[in-house]
Structures are given as structure tokens and as C-alpha cells.
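Read the structure below first, then the notes.
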Amino acid sequence: ITADDVIIPECCPILGTKLKSGDRKVCNTSPTIDRIRPELGYVKGNIQVVSYRANMLKSNATIEELQKVLEHLRNIV
């Protein structure tokens, strides 16, 4: 992928939170590159920019957050 392939939206497409960057440290609203299908790797068409929080949900998610992730995945897969 190239820098042109990475499009940073205003809000996280999974959680709907406003993405914020530039503080030189990672926080829940930091934009991160996510692989839509992990087995395909970081290739054009298989990446999206989501919040750091959305990327980390697997380790400490609430039921409400997981429902949002599931809803998003159903829409893209």
C-alpha cells in the first residue's frame, strides 16, 4: 500500500467516534490502519482506518462495543 491508499475519515467507521491525531501518543481516538481480512495482509482494498479503540476491542470490549463491530463487519464482508 502507499500513502494514497490510506484515507483517514473524520470519524471511526466502526464506533462513530471522531478520530484525533497529532498528540504524539496513541489514545483511543487515534487513527490506526486495520486489515479488513487479516489473512490478506496490508494490501490495497483490504485496509481501512479505524480508531485505536476499535482495533483493540478484542481484548477488553463491552457487549455494546462488540455489537457495533459485528454490525460493521456484516456490512463489509
Completion exercise
Scanning segment 1-57 for residues that are charged (D, E, K, R), open to solvent by 40 Å² or more (accessible area, probe 1.4 Å) and within 14 Å of LEU73 (Cβ to Cβ) gives ARG35, ARG37
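Quick check on this structure: which one of GLU71, GLU65 is at pLDDT below 90 and in a helix (DSSP H, G or I)? Before the answer, list the steps.
Numbers: GLU71 fails: at pLDDT below 90.
Exactly one residue qualifies, and that residue is GLU65.
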Problem - Conditions (1) on the phi > 0 side of the Ramachandran plot; (2) at pLDDT below 90; number of the one not met by ILE36 - result: (1)
Practice task
Output the residues belonging to segment 1-25 that are outside any loop (DSSP other than H, G, I, E, B) and among the basic types (Lys, Arg).
Solution key: LYS18
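So in segment 58-70, with the set limited to residues that are open to solvent by 50 Å² or more (accessible area, probe 1.4 Å) and among the charged types (D, E, K, R), which one is farthest from THR2 (Cα to Cα)?
Of the residues in segment 58-70, the ones open to solvent by 50 Å² or more (accessible area, probe 1.4 Å) are 58-60, 62-64, 66-68, 70.
Now restrict to residues that are among the charged types (D, E, K, R): 58, 64, 68.
Details: LYS58: 27, GLU64: 34, LYS68: 29 Å.
Here the residue is GLU64.
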Practice task
Give me the pairs, please: first residue somewhere in segment 21-41 and more than 16 Å from PRO9 (Cα to Cα), second residue anywhere and charged (D, E, K, R) and open to solvent by less than 100 Å² (accessible area, probe 1.4 Å), beta-carbon distance under 9 Å, and either six or more positions apart or on two chains.
Solution key: CYS27/ARG53; GLY41/ARG35
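The values are calculated or read from the model by the stated rules, or taken from the named source; none is laboratory data. Small disclaimer: the values here were computed from a predicted structure and weren't measured. Neighbour counts are summed over all protein chains in view; Cβ atoms, including those assigned to glycine, are modelled from backbone coordinates with ideal geometry. Accessible surface is based on the protein model in full, side chains and every heavy atom, while ligands, DNA and RNA are left aside. Shrake-Rupley method; radii C 1.70, N 1.55, O 1.52, S 1.80 Å.
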